[in-house]
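This report concerns only the one structure given below.
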Amino acid sequence: MCRTEWLRLCGAVVVMMIGFNAQAETSEDDTNNNEVIFVVGDREAYKGNFDELEVPASDQIIDVELLRDVGALNLNDALDLSASVARQNNFGGLWNAFSVRGFSGDINLPSGFLVNGFNAGRGFGGPRDMVGIESVEVLKGPRSALFGRGEPGGTVNLVTKRPQFETGGYIQGTLGEWNQLRFEGDYQTVLGINENIGLRLVGFYEDAESFREPVETEKLGFYPSLSWNISDITNLTYELEYTSQELPFDRGVVYADDFGFSPRDLFVGEAVPIETEVTGHQLEIQNNFSENWSFLGGIGYRETTLEGDAFEPQFGSRQTYFQNGETISRFFRSRDFESEYLVVRGELAGEFETGQIRHRLIVGADYDQFDNTLVIDRYRSRFTGDITMLTAADIATHLILDIDNPVYGVNLNPIPGANTNRNEELGGYGIYLQDQIDLTDKLQIRLGARFDDFEQDLTNFLATPATTITSSDDRFSPQFGAVYRINDGVSLYASYGEGYRQQTGQDFQGSQFDPNITESTELGVKADLGAMCETIDGSIGLTLFQVEQSNFLVNDDRPAATAVGFFSIPAGEAESTGLEFDANLDFANDFSLWVSYAYTDAEFSNSFADVDGFGFTIDAGDPVINSPEHQLNIQAIKGFNLGAMPTRIGTGLLYTDERNGFVGSDFTLPDYTTVRLFGEIEPLDGLSLRLDIDNLFDETFYTNSFANVWVEPGAPQRVRFTATYRF
């Protein structure tokens, strides 16, 4: 079924639901004059009607208040709050990449995340800003039984700011280190004769330099939304996402055993920006057609582009820093990426009884199509002369940078050759069902399953003539869970779930790879302290988990494969086991505490050759890249009055253990601890002034890496001043 037909189908569903609603209202008014008592309320896809103690999983909800308290400006800042999440190679700062419980997805693509249940991490729109986000949900463990294709360790869902049918908002300005200038705003109002239309306008602009001169970024985002209460039981919501960014391609610093890390303030690229742009649309209709049943349908369509040039440190014998510790050799790549993503979905949720047994049911279907085009040209050279006798011509030709006296702009236009030119279309549909059954007043079980059918078309335009390979597959994903309510405030749970992720590319025979498969088991206890104590509100949870992953890509060393170049085979296996403790507490004296700790032991389960062609052999028991065993995040915030002025102060601590920084090698990123402080005061009604100090003790640290020549350094101590006016 083509994209136009799906759009027409979803439009027909919207019209049908509006028509059904109007007919139902007329019937009720004409016969019994009964009022509809089921009030429209926002419902998220895949969620159903459950309180937190009834969910057999250890999810974390990072709400807008906490995001504001910690001064989170981008998705990385928000995800640092969860100790179960670790930063991964972020493609030179051009996208968000993370692992959950030790495992990430394809290192050559952004990590998949959802926005209001829609896949929105796919594509190349740049790192996500937090200005339009109401909350960040870290949904641990595979969720393919409902969501379908996803990342192996868990799912991140961003809930956006939508109209709340009220009038007000804020404007805000920030000045920070390295000439950071940022403005953002959020305004909403009510429209229509019956005030049944809500409008919300959210946006930001930021221009900033960096501690790594001459880096400069410019970002612009606009996220308007419109919500129409068609009736008491039907709501239609539309959201636009537009972001444009100019970002430098920054691979970070280089490490050599003999010379250590290159200076953290040395930028090894060139001051030529990569331009990214995303335009996305989401349309949802919700109809609560009875007290117990509701329908949620939607369309999402998103276009992204990434275009520009990059100068990146070279590997192995091409890297002069390994020889003298004084220069860094680089290669050049020009990129032109485009993507389109379409999803159509519909979901019915409600409850019924069979005898004395209560069922809460979710049943739905969705269709999605992802079209991805990658064009890369590359220029790469190797200096073979005496490294101590480098001339200006050598430096220009081989793109070499002196770390003590860097000179930029010497050769910005080398002549590259074609490296990659391909188009990949991934499409498929899925149907899913979940039933949570109350066997007794205390014991509930959850049964769920999903069937997916998907296909792939991969076209290689570098082949002569261009070749297209088509393949298809299907997947059944089950889930099981049980929850035992000890009392109103404490529950025990156990769960098992499977997940899968489609893998891009093809093997040496031209066949599509089998999906990456994940199996997860966890046991946990949760407590709602508000149900047990009058002076403390919030929740705590303790979880034990095990995640097994198979079919991730490794190097194919069969003779038939190596004879025609580097190819991959889905034969890798890994396992992650661990313990998590999470607490989100609010005390009666206006003191709040956030604690997130995770012990994660993620390692490979079999031996194989690395997929990137570096010649490393990974042995069973070797650690997974960028996965710390111990990670801890603590945030403490206190509110009080300073005279007549409301005041808040807070501090935060992030500890990240040492971790492998280059798969198959003994290169290790050191552990680090960073501390932050903030203070906020409201001298006038509606006006607040805030001071943030990040990395208070100026720790030198490194957040992630892909290899020893691509290591991302953390920022030095940074001071920011923010003024906000609310109205």
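Given the condition free of Cβ contacts under 8 Å to residues at least 40 places away in the same chain and closer than 26 Å to N551 by Cα, answer yes or no: does some residue in the range 116-125 qualify? Before the answer, list the steps.
From the range 116-125, those free of Cβ contacts under 8 Å to residues at least 40 places away in the same chain are 121; that's our starting set.
With the extra rule that they be closer than 26 Å to N551 by Cα, the set shrinks to 121.
Yes, because at least one residue in the range 116-125 is free of Cβ contacts under 8 Å to residues at least 40 places away in the same chain and closer than 26 Å to N551 by Cα.
Can you tell me which residue within the range 348-381, out of those that are among the small types (G, A, S) and in contact with a Ser or Thr (Cβ under 9 Å, 6 or more places away or on another chain), is nearest to E312 (Cα to Cα)?
Going through the qualifying residues, I end up with S381.
Mind checking whether some residue in the range 38-51 is within 28 Å of Y655 (Cα to Cα) and either modelled with pLDDT of 90 or more or of a type outside the set (D, E) (or both)?
The answer is no; no qualifying residue exists.
When T420 is evaluated against the numbered criteria (1) surrounded by 14 or more Cβ atoms within 10 Å (Cβ to Cβ); (2) within 16 Å of Y321 (Cα to Cα); (3) hydroxyl-bearing (S, T, Y), which criterion, by number, is the only one it fails?
Result: T420 fails condition (2) only.
Please enumerate the residues belonging to the range 147-171 that are within 18 Å of the chain's Cα centre (by Cα) and either surrounded by fewer than 24 Cβ atoms within 10 Å (Cβ to Cβ) or not in a strand (DSSP E or B) (or both).
Of everything in the range 147-171, those that are within 18 Å of the chain's Cα centre (by Cα) and either surrounded by fewer than 24 Cβ atoms within 10 Å (Cβ to Cβ) or not in a strand (DSSP E or B) (or both) turn out to be F147, G148, R149, G150, E151, P152, G153, L158, V159, T160, K161.
Criterion first (surrounded by fewer than 16 Cβ atoms within 10 Å (Cβ to Cβ), of a type outside the set (G, A, S), over 30 Å from R380 (Cα atoms) and without any contact (Cβ under 8 Å) to a residue 12 or more places away in the chain) does T468 satisfy it?
Here the answer is no, as T468 does not meet what is asked.
For the subset of the range 641-671 comprising residues that are in a strand (DSSP E or B) and within 23 Å of the chain's Cα centre (by Cα), which member is farthest from P713 (Cα to Cα)?
Checked the range 641-671; the qualifying residue farthest from P713 (Cα to Cα) is G652.
With a cut-off of at least 1 residues that are out of contact with any Lys or Arg (no Cβ under 7 Å at 6 or more places or on another chain) and aromatic (F, W, Y), name the strands (runs of 3 or more DSSP E) lying wholly within the range 486-605.
Ranges flagged: 490-501, 536-555, 568-587, 591-604.
If I go through the range 474-511 residue by residue, how many of them are surrounded by 15 or more Cβ atoms within 10 Å (Cβ to Cβ), more than 26 Å from the chain's Cα centre (by Cα) and modelled with pLDDT under 90?
Total meeting the criteria: 2.
Pull up the range 241-256, narrow it to residues that are in contact (Cβ under 8 Å) with a residue 60 or more places away in the chain and not in a loop (DSSP other than H, G, I, E, B), then point me to the one that is farthest from S705 (Cα to Cα). Lay out the reasoning, then the answer.
Initially, the range 241-256 is screened for residues in contact (Cβ under 8 Å) with a residue 60 or more places away in the chain, giving 241, 243, 245, 247-256.
Restricting the remaining residues to those that are not in a loop (DSSP other than H, G, I, E, B) gives 241, 243, 245, 247-248, 253, 255-256.
Numbers: E241: 30, T243: 26, Q245: 23, L247: 19, P248: 17, V253: 9, Y255: 11, A256: 14 Å.
Here the residue is E241.
Of all residues in the range 306-323, count the ones that are assigned to a strand (DSSP E or B) and either aromatic (F, W, Y) or touching a helix residue (DSSP H, G or I) at 6+ places or on another chain (Cβ under 8 Å) (or both).
Number satisfying all stated conditions: 2.
If you go through the range 368-391, how many residues are over 30 Å from D457 (Cα atoms), touching a residue at least 12 places away in the same chain (Cβ under 8 Å) and surrounded by fewer than 18 Cβ atoms within 10 Å (Cβ to Cβ)?
4
When you go through E65, E54 one by one, which is the residue that is at pLDDT 50 or above, surrounded by 17 or more Cβ atoms within 10 Å (Cβ to Cβ) and acidic (D, E)?
Answer to the selection: E54.
With a cut-off of at least 2 residues that are under 30 Å from G300 (Cβ atoms), name the strands (runs of 3 or more DSSP E) lying wholly within the range 324-429.
Passing ranges, in order: 327-354, 357-379.
Just to be sure I understand the filter: pairs with C-beta atoms under 6 Å, separated by 6 or more residues or on different chains, first member in the range 172-198 and assigned to a loop (DSSP other than H, G, I, E, B), second member of a type in the set (A, V, I, L, M). Which pairs pass?
E177/V719
Filtering the range 320-336 down to residues that are of a type outside the set (V, I, T) and surrounded by 20 or more Cβ atoms within 10 Å (Cβ to Cβ), which residue is nearest to the chain's Cα centre (by Cα)?
Looking at the filtered set, the residue picked out is R335.
Can you run down the residue pairs with Cβ atoms below 8 Å, 6 or more apart or on separate chains, where the first is in the range 656-677 and farther than 30 Å from L691 by Cβ and free of Cβ contacts under 8 Å to residues at least 24 places away in the same chain and the partner is among the charged types (D, E, K, R) and crowded, with 21+ Cβ neighbours inside 10 Å?
Cβ pairs passing all conditions: T668/R659.
The values are calculated or read from the model by the stated rules, or taken from the named source; none is laboratory data. Worth saying up front: this structure is predicted, and the values here are computed from it rather than measured. Quick reminder, even Gly has a Cβ in these numbers, built from the backbone with ideal geometry, and neighbours come from all protein chains shown.
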